[in-house]
Amino acid sequence: MKALVKMQAGAGNWEVIDKPEPKINDDQVKIKVEYIGVCGSDIHTYEGHYNVNAAGLTIGHEFAGIVAEIGKNVTNVKVGDRVTSETTFYVCGTCRYCQAQEYNLCPHRKGLGTQQDGAAAEYVIARKESVHILPQNLSTREASIAEAAACAHHGVNKAQITKGDIVLVLGPGPIGLLTAQVVMAHGGRVVMTGLTQDAGRLQVAKEKFGVEYIVDVQKDDPKKLIDELTDGYGADICYDCTGAVPSMHLGMNLLRKKGQYVQIGLFAKDEVSVDFSKIIQKELVVSGSRSQNTYDWEPTLRLMSERKIDANKMITHEVRIDEWDKAYDLIKSGQAIKVVMKPI
């Protein structure tokens, strides 16, 4: 079968090659891939900023397809089912995180497309517990970005949203747009910020996805808007989806006392400068959000089937895996929101 493979460690080194079709064990599911979503972490992998030492690895962890074969212990799906899968391929099952079904925190976890061959191929193998059947009205093309949507769902639920809360979503990238949709599904009123270079994305947020307020922080004062909306108290919740230090500071500045701050975006450096006096004096609740977990998937698929998360509006471009360089250029240039690839 054809597969998009990171041939050796370091930056670059992606190539479409022939690989043997993978074989399943008794507890696994073989899926014929129909669509693969391209994630920001895939871009980081290509550029050598993430999963640097991977070699011989089939990339791709956002996908959907058709069940082609099941192991003898698999009862939750059958051949022919339309499915997607969590990225979790292996967990130890015995640590305290696994016992609490917090598989994203298992210290021994292996993920598709990072430590285990992923989905940018004709077939992929998933563990039975990770596979989810698609709602009837959700296509495999739409469901190929379910993992990204589940990450947004996971992050949003790190804070407690009350209907009518003023919620900052910093950054109009794919995760920011998905996060805004989940927030609105929970009854939050979204204020989305971006830079002047994000003007097109901010307009998309407002016109396509119904984001109530958009702010170019290089042209307008977000504090003035937040003060008007909250009688000067500050925003209730902030989700930073940028991983940019100035954005983090802005979010904490705009939160009210006892506000909730959630870091979803990854920083370029592991260590960043944080104003802890602000966290202390305002009694902010600060949380991190890592990937997604089993309990995020069914609610996410339901929101997608109800079009409260609109995948068709998120997916702007489609290519084949042998056109991965085109997908890279579309994403890096800002022309695309989400790109999906089809196996050859």
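Quick notes
- Look at (i) 35, 21, 19; (ii) 32, 24, 19; (iii) 38, 21, 19: the one that is semi-axes √(5λ) of the Cα gyration tensor in Å derived from this structure is (i).
- Taking a ≥ b ≥ c as the square roots of the eigenvalues of the Cα gyration tensor, segment 152-260 is classed as rounded, since a/c falls below 1.5.
- Ranked by the mean number of other Cβ atoms within 10 Å per residue, highest first, peptides 331-342, 113-124, 69-80 order as 113-124, 331-342, 69-80.
- For segment 88-129, the calculated P(r) over all alpha carbon pairs, in 5 Å bins from 0 to the bin holding the longest distance, is 6, 26, 27, 20, 13, 6, 2, 0 percent.
- Full-extension gain in nm, HIS44 to ASN137, via 0.36 nm per residue minus C-alpha separation: 30.2 nm
- When peptides 89-101, 247-259, 208-220 are ranked by their average number of other Cβ atoms within 10 Å per residue, the highest-first order is 247-259, 208-220, 89-101.
- Extent of segment 8-143 along its three principal axes (Cα atoms, max minus min coordinate, largest first): 40, 35, 28 Å.
- Expressed as a whole percent, the accessible area of the chain that falls on carbon and sulfur atoms is 48 (1.4 Å probe).
- Percent of Cα-Cα distances greater than 13 Å, calculated over segment 193-254: 65 percent
- Per residue value of the accessible surface for the chain (all protein chains in place, 1.4 Å probe), Å²: 45 Å²
The values are calculated or read from the model by the stated rules, or taken from the named source; none is laboratory data. Computed from a predicted structure; not experimentally measured. Heads up, the Cβs are rebuilt from the backbone with ideal geometry, glycines too, and the neighbour counts pull from every protein chain shown. Surface areas here come from the heavy atoms of the whole protein model, side chains and all, with no ligands, DNA or RNA. Shrake-Rupley method; radii C 1.70, N 1.55, O 1.52, S 1.80 Å.
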